[in-house]
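Below: one structure, written as structure tokens.
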Amino acid sequence: MSPRLHIDLGALRANIARVRETVAPAELMLVVKDDAYGHGLVPVVRAAAADGVTWFGAFDVRTGRAVRAALGGAPRIFSWIAASRADLDEAIAADIDLGIGDAGLLEDLAGAARHARTRARVHLKIDTGLHRNGVRPEAWAAFVARAAALEADGLLEVVGVWSHIAEASDEEDDDARAVFEWALRAAHLAGLKPSLRHLAASAASFARREFRYDMVRVGAFCYGIRSAGGPDARSLGLVPAATLEADVVAVEGDEVRLGIGALHGLPSSLAGRADVSTPGGARRLVRVGATEAVVAGWPDASAGDVVVIYGDDATGAASSTDLAELIGTIGEEIAVRVSPLVPRIYAGA
Ligand SMILES: *Cc1c(COP(=O)(O)O)cnc(C)c1O
């Protein structure tokens, strides 16, 4: 059999419930970029919507439209990467809220709204230090003044003010939050009344109450992916939702060949560093080729044995973040690397 990714939608739903109760009264926006972190966009958003999640964070407009197509009219969808005028037109047509962090793009959005004879819903982005397409503080006063004028013209509705933070050190995040507070005051002085202020992603939404504001944008924790260097999933009340499995295809002496390789998304840099979970216990990954990998053998290993590459660490397997830490990356990166050609198998809908 080919390698496969098992997705436990029950675990996803339990994680979502856990995040919502933790951040309440702030609202959860479930972030579903990169095919819902590799878990499969449509099953994930359907399960979340069934449990009452009303906000979805979709990165690009294309993903936003896919969420709209899957869920219909009711949910709110937020996209924060609109590159072209066509993106803006499509976002308006699909009733998608846009995150805008560029003065030129704000004008383009107003133009698109005028053309569509509607009001575009917008969340204004301040650059609080990450330098990822936000409006810099020195340009913010003019930006919010212009947004207020376009709102008064009936072209825009300024729904939110937001930013993104590194969540790597508390000190840097505190500095970013001070800039955010300043930007909120400037927006109010310009006459704007954004009802949704949002700043935190997974780590800060749990660890730092004052970062929650009206809404948190959470991806990783909803999928049960803990932060690198952070507390384990169980201690956060979370369960990893995905398990990547492969089969033994051949046993040659003390080496066992698995039917999974770099083309399926297994990082070759894990060879010599990571252990996988076999019927004989944890065994070291020795080599990763294009379509197969070699792992150290165990007694009675035989073709057809099932090996877990990553999954729920409470079962003794490595988590995606455990693997990520071995090669200096984050659990999300391991999850989104799993090739779209690896079948997703859903349970617990
Ligand atoms: C990916 C992303 C998030 C979610 O981050 P997690 O750490 O996965 O919760 C939130 N906001 C923005 C802008 C993002 O790009």
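Please compute one quarter of the surface area of the Cα convex hull for segment 194-289 and express it in square nanometres. If you can, show how the numbers build up before the last one.
Working: hull surface 34.7 nm².
Hull-based average projected area comes out at 8.7 nm².
Keeping the other protein chains in place, figure out the carbon and sulfur percent of the accessible area of the chain, with a 1.4 Å probe.
Working: 7330 of 14420 Å².
It is 51 percent, rounded to a whole number.
Output the antiparallel fraction of DSSP beta bridges having both residues in the chain, as a percent to the nearest 5.
Details: 24 of 55 bridges.
Percentage antiparallel, nearest 5: 45.
I want the local charge near E151. Using Cβ-Cβ distances under 15 Å, sum +1 for each Lys or Arg and -1 for each Asp or Glu among the other residues.
Numbers: positive: R114, R119, R121, R146, K193; negative: D97, E107, D153, E157.
Result for the neighbourhood of E151: +1.
Using r as the Cβ-Cβ distance of T315 and E157, and R0 as 45 Å, what FRET efficiency do you calculate, to the nearest 0.05?
The calculated FRET efficiency here is 0.40.
Would you mind checking segment 248-267 for residues with the amide N under 17 Å from a putative spin-label position 7 Å along Cα→C-beta of A303?
Within reach of a label on A303: 248-260.
Under the 0.36 nm per residue contour assumption, what length would be gained going from the current alpha-carbon distance of T291 and D232 to full extension?
18.2 nm
Hey, can you rank 165-172, 52-59 by average C-beta count inside 10 Å, highest first?
Numbers: 165-172: 14.1, 52-59: 21.2.
Put in order of decreasing packing, that is 52-59, 165-172.
Counting only other residues whose beta carbon sits under 11 Å from that of E332, what net charge do I get with K and R as +1, D and E as -1?
Net local charge, E332 excluded: +1.
Counting C-alpha atoms alone, how compact is segment 242-347: give Rg to one decimal and Dmax as a whole number, in angstrom.
For segment 242-347, the Cα radius of gyration and maximum Cα-Cα distance read 12.6, 36 Å.
Can you compute the equivalent ellipsoid semi-axes for segment 44-110, i.e. the square root of 5 times each eigenvalue of the Cα gyration tensor, sorted largest first and rounded to whole Å?
The three semi-axes for segment 44-110 are 23, 10, 9 Å.
Assuming R0 = 51 Å, what is the FRET efficiency of A139 and E255, from their Cβ-Cβ distance, to the nearest 0.05?
Numbers: r = 59 Å, r/R0 = 1.16.
Between A139 and E255 the formula returns 0.30.
Can you give the translational diffusion coefficient of the chain in µm²/s, computed by Stokes-Einstein from the Kirkwood radius over Cα pairs at 10 °C and 1.306 mPa s?
Stokes-Einstein gives a translational diffusion coefficient of 74 µm²/s.
Residue farthest toward the positive end of the dipole of segment 10-223, with Cβ of Lys/Arg at +1 and Asp/Glu at -1: which of A110, V218, V45?
About the Cα centre, the residue reaching furthest to the positive side is V45.
What does the charge add up to near G72, with Lys and Arg as +1, Asp and Glu as -1, over the other residues with Cβ less than 13 Å from its Cβ? Walk me through the numbers on the way to the answer.
On the way: positive: R46, R65, R68, R76; negative: D95.
In short, +3.
The values are calculated or read from the model by the stated rules, or taken from the named source; none is laboratory data. What you are looking at is a predicted structure, and each value in this text was computed from that prediction instead of being measured. Methodologically, a virtual Cβ is constructed for each residue, glycine included, from the backbone with ideal geometry; neighbour enumeration extends over all protein chains shown. Only protein heavy atoms, including side chains, enter the accessible area calculation; ligands, DNA and RNA are left aside. Shrake-Rupley method; radii C 1.70, N 1.55, O 1.52, S 1.80 Å.
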